[in-house]
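Engineer: Can you read through this structure? Questions will come right after.
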Amino acid sequence: MESIFSFCFAILIAPLLPAVIQKTKAFFAGKQGPPLLINYYTLIKLFKKGSVYSTSTSFVFQMGPVVGCATSLMMLLFFPLAGAAPIFSFHGDVLILFYLMGLGRFFTILAALDTASPFEGMGAAREAFFSTLAEATVFGILVLFYRLSGSLSFAEFFSSTSAITLSGTHTALLVLVFIALYIVMLTENSRVPVDDPATHLELTMIHEVMILDHSGPDLALIELGAWFKLLFYSAFLTRIVDLFHFQNFWLSSLYFYAVVTFIYVTIGTVESITARLKMNMVPKFILTPFALVFFATILTMELIK
Amino acid sequence: MDKLLHIQNNEKISRADIPHLPFPAFRQQLLECAAAGGQIVQFFAYEDHGIYKLIAVMRTDKLYVGSCDAPDSFASLTVESEKFHMFEREIGEQYGLKAEGHPWLKMVRYHPNYSGKKDVFGNDYNQEIPGNYPYFTVEGETVHEVAVGPVHAGIIEPGHFRFQCCGERVFHLEIQLGYQHRGIEKLLQTVPMKRLPIIAETIAGDTTIGHGLCQAQAIEALADIQVDRGAKIVRTIALELERIANHIGDMGALSIDVAFNPPAAFFGRIRGEYLNLSQILGGNRFGRGLVRVGGVTLVMGEEQKKLLRDKLDELTPEVEHVGKLIFSAPSVNGRFDQTGTVTQENAEKIGLVGYAGRASGLEYDARVSFPTECYGELPVVSALKTVGDVRSRGRIRYNEVINSTRLIYTLLDTKQEAKPYAPQEVQLAPNSFVVSINEGWRGEVSHCILTDEKGAILRYKVKDPSFHNWTGLALSLRDEGISDFPLCNKSFNLSYCGFDL
């Protein structure tokens, strides 16, 4: 029951949290910023609209948003949000989930290529390249977590007896993992300094340019998928931090979302105080966390006998 | 160069005094001047009693003029010096006079010529731009082409950009403009005199004062009208305010292009404040309706002076603070440094003007070289950089903002009131020629007027700095990442309508 409640709450709150980033950025720019509920208004607006499809596109183009949103939703189904056990879980689910996310990206890229627009092809190429690099880090983290906890499922990573928490015995390693995962989060969710979600310049876009041709409910699904994904990554980070354990479900939920919100605020802060990287510097930036994780894994070779 | 006539900025010259050379000698003179480091201010064709003539104004540290009868086709000067390439294309397009041997003779604005001669480019003008024009292409399996525009995201003007890329790397960028061609030069030759300033102010909306001033000075020179000192002060302040407002706005845009939001928000607001100062000065935020032949329409009283001074006192520290924020952030410098570089050699070859030229080490500033209004008595310090990248262009604009603020303070301290403005009958001197040059915020703005024997305008030629600098943008993209195009574009921030006329 708690699991289902927790899942539903996560879905409901997912559109709210990105507005926190916008508010943070607005604060740094000395502006008021959009209302906190902006994304709900956007969703309602988009779902009310019809979709426009170019005659040069095929069914692949229409599948992109659906698959993308569905796979992001899957991640939340399997993730132990807010102290509750996930709705589904089995040994090895992390592998399947990250590849499902890959599948979602694959369809987004296919949909972009399906439009035959030179911009979207360029964005697709960048997205494919950068996410390939980011995948190395993700799997580096999974290898490390396997060594630490002996399991390959989210539920067991973050069970109460697990070693994967900053308050446990492997704090030093997990600090590295935290930094690595934070950078992966920025990369995978097209945030500054890798991508600029607010730009209007097609030639500089990575993710945004791929969805230029989607409209109405399709665009709404893409946005939803993106919000779920961002929530998943920040939840992942939050569970690693997990400094306090509450037996009470409500208390632990409150703590969980407080930390999640704080992570969103830090994203907004990062976006306000740094500029975007030059495109040819992005691979270096994305490979940095891999180096961190790899280093952490090497350390475990000695630490765990 | 010895056969060209040395003239002054805004000096009325009798057309009979302009040396009229045979074409080979004319060509030789211009090439000599170009080889000696001279640049072209004006080079255009006009029709005089059914005869087509070419006229050229060159600048070194002085101005020179010369003319010749235009042959239907002539040996291209571009072959010897790249400085002439845009001008020869324009001559071909406007009057069907072909520069033989021009390495890349293509249309400039895509319109049929005025003379009814055979089209030089073989275009069919019933087709829309780009019509049947074959763009420059790079062949190869890994080369791909990206076409941007003419309709863009955002609220910028229409222009078509064709990139030849290998992955993220740009081999070549071809820019095709002309979508905003309104026939301004033709229009200026036909409308009644009192409509001239209104049209001049709309040549490029962001250079209202720059173009308005050029026209007013040219007409004042031809009609022997003196402007009192008070009006000159107001004009100078207006031009400097226009410069500051545009530079500030563009620095904000530069920072938003690299996703560095706070300075963009601050500069966006501060730009508005400077536009408001223009309103205090001239009644319009964009400087419309202020500069008129014979003076300025609004007198600057003590009250306006005080408002201006107080607001400047308040804004200057803010500008310094935000400027520091942009140019000292390491992540921003990482984007600006070594991006979109135009070498001094290339800048010299294509004759970059304004801050783009000064960023590449070309010192030319019309306020210093050919001062008009109050600039002769002002300590204008033009900023100079030599790297030619986005950062240089950005820094120069910041420095210019600071310098311009000082100039305005100096002018505000001058005790001199303008006389109230009264419109007067304007009678242009017959058979005359005048060229006027001003340093608009983007660079050298120049208007040139030729009158016929009745004192009517025979030919009105306008040149916006963008006419030189678009080529600079194309060059800055060579071997650059395609994702840096918007940044490079913004660092030049050229006018589409000023180019298209």
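Engineer: Give a quick list of trypsin sites (Lys or Arg not before Pro) in region B:336-437 that DSSP marks as loop, anything other than H, G, I, E or B, with at most 14 other Cβ atoms within 10 Å.
Structural biologist: Qualifying residues, ordered by number: B:LYS415.
Engineer: I've got another one for you. To one decimal place, what orientation-averaged projected area in nm² is obtained for the convex hull of the Cα set of the protein assembly as shown? Intermediate values should be presented prior to the final figure.
Structural biologist: Numbers: hull surface 151.1 nm².
Averaging across all directions leaves 37.8 nm² for the Cα convex hull.
Engineer: Could you work out Rg/(2.2 N^0.38 Å) for chain B, with Rg from alpha carbons only?
Structural biologist: After normalising by residue count via 2.2 N^0.38 Å, the value is 0.95.
Engineer: What's the lysine pair count for region B:1-112 at a Cα cut-off below 21 Å, pairs eight or more apart or interchain?
Structural biologist: Taking the Cα cut-off of 21 Å, the pair count is 12.
Engineer: Summing -39500 (n - 2.57) over the DSSP H runs of n ≥ 4 in chain A and dividing by its residue number, what mean residue ellipticity at 222 nm do you reach, to the nearest 500 deg cm²/dmol?
Structural biologist: On the way: 11 runs with 205 residues, N = 305.
Here the helix-only value at 222 nm equals -23000 deg cm²/dmol.
Engineer: Next question. Let me know the mean shielding of A:273-285 by other chains, meaning the per-residue number of their Cβ atoms within 10 Å of its Cβ.
Structural biologist: On the way: counts 5, 8, 16, 10, 5, 12, 5, 5, 2, 1, 0, 0, 0.
Partner Cβ neighbours, averaged per residue: 5.
Engineer: Taking θ = phi - 60°, what integer Hz values does the Karplus form 6.51 cos²θ - 1.76 cosθ + 1.60 yield along region B:33-39, in sequence order, with x for Gly and Pro?
Structural biologist: 5, 5, 5, 7, x, x, 10
Engineer: Also, quick follow-up: Round to the nearest 0.05 the FRET efficiency obtained for A:LEU254 and B:HIS6 when R0 = 60 Å and r is the Cβ-Cβ distance.
Structural biologist: The pair A:LEU254/B:HIS6 has a calculated efficiency of 0.15.
Engineer: Check the straight Cα-Cα distances from A:LYS229 and name the aspartates and glutamates below 14 Å, setting aside those fewer than 8 residues away within the same chain.
Structural biologist: The qualifying aspartates and glutamates are A:GLU188.
Engineer: Using θ = phi - 60° and the Karplus relation 6.51 cos²θ - 1.76 cosθ + 1.60, list the HN-Hα couplings for region A:166-173 in order, rounded to whole Hz, with x at every Gly or Pro.
Structural biologist: Going residue by residue, I get 4, 7, x, 8, 10, 3, 4, 5 Hz, with x marking Gly and Pro.
Engineer: Can I ask one more? Lysine pairs in region B:202-452 8 or more apart or on different chains: how many have alpha carbons under 13 angstrom apart? Before the final figure, lay out the partial values.
Structural biologist: Values: B:LYS232/B:LYS415; B:LYS232/B:LYS419; B:LYS305/B:LYS415; B:LYS306/B:LYS415.
Lysine pairs meeting the criterion: 4.
Engineer: Continuing with the same structure: Got a sec to turn the phi values of region A:146-155 into Karplus ³J(HN,Hα) couplings, 6.51 cos²θ - 1.76 cosθ + 1.60 with θ = phi - 60°, whole Hz, x for Gly and Pro?
Structural biologist: Calculated HN-Hα couplings, in order: 5, 5, 7, 10, x, 9, 10, 9, 4, 4 Hz.
Every number in this text was worked out from the coordinates using simple rules, so none of it is lab data. Computed from a prediction, not measured in an experiment: that's the story for all the values here. Note: ideal-geometry Cβ built from the backbone for every residue, glycine included; neighbour counts use all protein chains shown.
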